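Engineer: Below is the structure I would like to discuss, written out as structure tokens.
Taken together, the values in this text are just the output of simple stated rules run on the coordinates, not laboratory data. Small disclaimer: the values here were computed from a predicted structure and weren't measured. So basically every Cβ, Gly included, is an ideal-geometry build from the backbone, and we count neighbours across all protein chains shown.
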Amino acid sequence: MTSVPKKRLEMSDVDDDDDEDDQLDPSEGRTASAGDADETAAEVAPADRGANPALVLDGISMTFKVASAKAELQGRLPWHKRIVYGAVRREPRVSVYALEQFSLVVGTGESLGVVGRNGSGKTTLSRIIAGKLTPTTGQVWARSTPQMLGVSPALVPSISGRQNIILGCLAMGMPRAEVMARLPEIEEAAGLGDAIHLPMETYSSGMGGRLRFAIATSKNPDILVLDEALNTGDAQFRDRSKARMEKLREQAGAVVLVSHNAKQITSSCTRVLWLDAGRVIADGETEDTMYNYRKYNWLLAKQRLEEAEEFIMGLRRQYRRVEIVRA
């Protein structure tokens with residue numbers, strides 16, 4: 001993707017989804033020093049990505065049929081449909097396009113960040129990858145079953161964090177002997193201290209997020225999907241989470257991280273996919289893509305709406321669709 005001029009933007013009053021990291025000057029971090037090289041994950045070349053893919057999305061799209069009470073819509077319906085809907089007392093259904101059709105390849109060892117404003121299709125995409133949603137069109141190919149961070153349905157608020165670790169790991173299919181052997185390690189990863197022995201219902205949202213992250217990443221999944229998973233906890237826990245993600249990549253896995261946190265994406269991901277209103281705006285190198293994303297949000301915050309629209313449409317025209325060729 002072609003880089004935009006690295007013009008300094010004053011962003012002290014920007015508020016993108018209540019994430020203070022997006023209020024930073026988007027030009028920061030674009031001239032990394034040699035000493036920072038060890039903190040940035042090596043990017044997987046497109047050729048290597050195609051030669052050794054961990055995850056392939058082939059022409060996927062997602063359309064939901066939902067009820068609409070809009071009077072104008074009901075007036076446009078054929079007379080016989082108006083009679084039917086009136087007889088059954090149901091509102092007419094409309095199509096909501098959550099994801100426009102696109103293809104994507106995530107290579108072995110890659111960490112893909114997914115960004116976008118609320119309603120852009122990020123969570124829909126993560127649920128499709130994890131097999132929780134069936135796309136309207138297209139197919140998802142993975143070399144192993146993707147593991148989505150989130151074992152909440154299996155956790156019980158009234159029992160201790162330690163007991164929830166055992167329960168959550170068993171729910172993910174881990175043998176009981178392995179669970180008990182790794183229990184101290186998982187407890188340490190959660191970083192809850194003595195609170196691990198208290199009922200989970202006494203935990204703050206941040207503590208609960210730590211526990212879920214420790215459980216979900218205990219299985220060493222080959223493909224891990226994280227949806228806003230690392231936005232909780234203090235700096236020390238975020239550092240541990242980042243180190244854990246690095247370890248997952250080193251073990252020949254792939255990570256898909258959905259987040260509003262610009263710093264988190266920049267520091268943890270080798271590549272970024274930017275979605276807006278269900279469309280792919282950009283798919284490319286982390287630094288340039290995040291710069292453009294933050295600049296777009298800055299323009300919106302400044303109410304420079306026409307300029308923001310021209311900017312995002314220009315990026316959209318530069319995006320090159322991925323073609324999946326089957327051997």
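Engineer: Please list, ordered by chain and number, the residues whose modelled amide H lies under 5 Å from the amide H of ALA54; skip anything fewer than 5 residues away on the same chain.
Structural biologist: Result for ALA54 returns VAL106, GLY107, THR108.
Engineer: Starting from the Cα gyration tensor of segment 92-205, take the square roots of the eigenvalues, sort them a ≥ b ≥ c, and report rounded, prolate or oblate (rounded when a/c is under 1.5, otherwise prolate if a/b is larger than b/c, else oblate). Before the final figure, lay out each step's value.
Structural biologist: Working: a/c = 2.43, a/b = 1.84, b/c = 1.32.
Prolate is the answer for segment 92-205, as a/c is 1.5 or above and a/b outweighs b/c.
Engineer: Here's a follow-up. In terms of modelled amide H atoms, which long-range or inter-chain residues lie less than 5 Å from the amide H of VAL322?
Structural biologist: Hits under the 5 Å cutoff: SER103.
Engineer: Please list 3J(HN,Hα) in residue order for segment 54-59, calculated via the Karplus relation 6.51 cos²θ - 1.76 cosθ + 1.60 where θ = phi - 60°; whole Hz, with x for glycine and proline.
Structural biologist: Those phi angles translate into 9, 8, 10, 9, 10, x Hz.
Engineer: Tally Lys/Arg at +1 and Asp/Glu at -1 over every other residue whose Cβ is under 13 Å from the Cβ of PRO146; what's the total? Walk me through the numbers on the way to the answer.
Structural biologist: Working: positive: ARG127, LYS132, ARG143, LYS219; negative: ASP222, ASP227.
Net local charge, PRO146 excluded: +2.
Engineer: Counting only residues 5 or more places away or on other chains, whose amide H sits under 5 Å from the amide H of VAL114 once H atoms are built in the peptide plane?
Structural biologist: Here LEU257, VAL258, SER259, LEU273 satisfy the definition.
Engineer: In the structure shown, do any of LYS122/LYS242; LYS65/LYS247; LYS122/LYS219; LYS219/LYS295; LYS263/LYS302 have a Cα-Cα gap over 32 Å, and if so which?
Structural biologist: Details: LYS122/LYS242 21 Å; LYS65/LYS247 41 Å; LYS122/LYS219 24 Å; LYS219/LYS295 38 Å; LYS263/LYS302 21 Å.
From the list (LYS122/LYS242; LYS65/LYS247; LYS122/LYS219; LYS219/LYS295; LYS263/LYS302), the Cα-Cα distance tops 32 Å for LYS65/LYS247; LYS219/LYS295.
Engineer: Of the listed peptides 136-145, 217-226, what is their order by residue-averaged count of other C-beta atoms within 10 Å, with the highest listed first? Present the calculation step by step, with values, prior to reporting the outcome.
Structural biologist: Working: 136-145: 14.8, 217-226: 21.7.
Highest to lowest by the protection proxy: 217-226, 136-145.
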